[in-house]
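Working notes for the structure below.
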């Protein structure tokens, strides 16, 4: 039994902590004691401790006794927190999804003899793992990931609930979207190129550009066409674009009755209540990963993985917490079992390239009733 510390007690962080208690001694930390105590009341075996990750010395002292750190802090805290963990010579699984390039910490991790697996959620995460696997066995020309978390019950106007902070969602809606087309990196405005796509059990959804490729732009430069798009119920994009174009996402303060106000902070506060996912509110995660290229027999093959996951009634765990968090705990257990021990910073595609690791992830998730359904067809 290993000692594991989870940093961040949000929906995903708490789900990961509970999952890890099955085989390990786990401490869950957060800046909010009330949140920690509420989780502890439902899971007595879980240890809790308050922690402010912005106090570097305290952070490093807190994680010192542990065999592995799982980091689930908000994105704006992610890079510096991960850097502090690596500097403390602690192995880490990270799902903070910060905007900075995690590979900038690769040399530091190697110097500290640390294994840091980053972006290890559902997307980025499992899509990268699947891509990494097929990059080893096919000569890929195309990769596309369509992914979204959706409330089961649609509520006008946004028909959306956020399992993460609204600020992180808004950042996804404002950050330019990078993808690769005919071998060249292309930058598009987020929320553009809206298409309608049909999915079993859900019906028609709209997909739009978002900046989801992240590390694979750097690690898979030989694949000429790569794109990730976000999924929402039809109509969502139009409402978001109205807010965006009207300045509601601006970070530049404006004066209102003599008080300086950030439109982004104001909007996030309003949307927090509008988008807040209730404790037992049912939602779903939908993802479709499509890969195309030449297989080992010289044929052009298209491989598709579909995910449809729903709120778990038995464990009272949201789908986004399950699909994101259990991918990270799969990585954690895989590392603690000694199946991956290379030193440095590793986005998931560099883990998925190892067949043993790839199968471990799929089996771990299957045991938790999360199923990636594969289909394939020969095109030429």
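The values are calculated or read from the model by the stated rules, or taken from the named source; none is laboratory data. None of the values given here were measured: they were computed from a predicted structure. Cβ placement follows ideal geometry from the backbone for every residue including glycine, while neighbour counts extend to all protein chains displayed.
Looking at residue 255, is it assigned by TED's automatic domain parsing to the domain that holds residue 196 and either within 28 Å of the chain's Cα centre (by Cα) or closer than 24 Å to residue 189 by Cα (or both)? No. Exactly one residue among 62, 141 is surrounded by fewer than 24 Cβ atoms within 10 Å (Cβ to Cβ) and not in a strand (DSSP E or B), and that residue is 62.
Can you pull out the residues in segment 42-79 that are without any contact (Cβ under 8 Å) to a residue 12 or more places away in the chain and within 24 Å of residue 165 (Cα to Cα)? Don't jump to the end; show me each part of the working.
Step one: list which residues in segment 42-79 are without any contact (Cβ under 8 Å) to a residue 12 or more places away in the chain, which gives 42, 44, 55, 57-58, 61.
42, 55, listed by residue number.
Given the condition modelled with pLDDT of 90 or more, in contact with a strand residue (DSSP E or B) (Cβ under 6 Å, 6 or more places away or on another chain) and over 29 Å from residue 187 (Cα atoms), answer yes or no: does some residue in segment 224-247 qualify? Among the residues of segment 224-247, not one is modelled with pLDDT of 90 or more, in contact with a strand residue (DSSP E or B) (Cβ under 6 Å, 6 or more places away or on another chain) and over 29 Å from residue 187 (Cα atoms), which makes the answer no.
For residue 264, indicate whether it is surrounded by 19 or more Cβ atoms within 10 Å (Cβ to Cβ) and under 23 Å from residue 306 (Cβ atoms). Criteria not met by residue 264.
Condition first: touching a helix residue (DSSP H, G or I) at 6+ places or on another chain (Cβ under 6 Å) and either surrounded by fewer than 19 Cβ atoms within 10 Å (Cβ to Cβ) or closer than 16 Å to residue 286 by Cα (or both). Now tell me which residues in segment 188-205 satisfy that. Selection gives 194 alone.
Just to be sure, is residue 94 at pLDDT 95 or above and either in contact with a helix residue (DSSP H, G or I) (Cβ under 9 Å, 6 or more places away or on another chain) or not assigned by TED's automatic domain parsing to the domain that holds residue 337 (or both)? First the steps, then the outcome.
Numbers: at pLDDT 95 or above: yes; either in contact with a helix residue (DSSP H, G or I) (Cβ under 9 Å, 6 or more places away or on another chain) or not assigned by TED's automatic domain parsing to the domain that holds residue 337 (or both): yes.
Spelling it out, residue 94 is indeed at pLDDT 95 or above and either in contact with a helix residue (DSSP H, G or I) (Cβ under 9 Å, 6 or more places away or on another chain) or not assigned by TED's automatic domain parsing to the domain that holds residue 337 (or both).
When residue 282 is tested against (1) over 21 Å from residue 323 (Cα atoms); (2) in contact (Cβ under 8 Å) with a residue 12 or more places away in the chain; (3) surrounded by 13 or more Cβ atoms within 10 Å (Cβ to Cβ), only condition (1) is not met.
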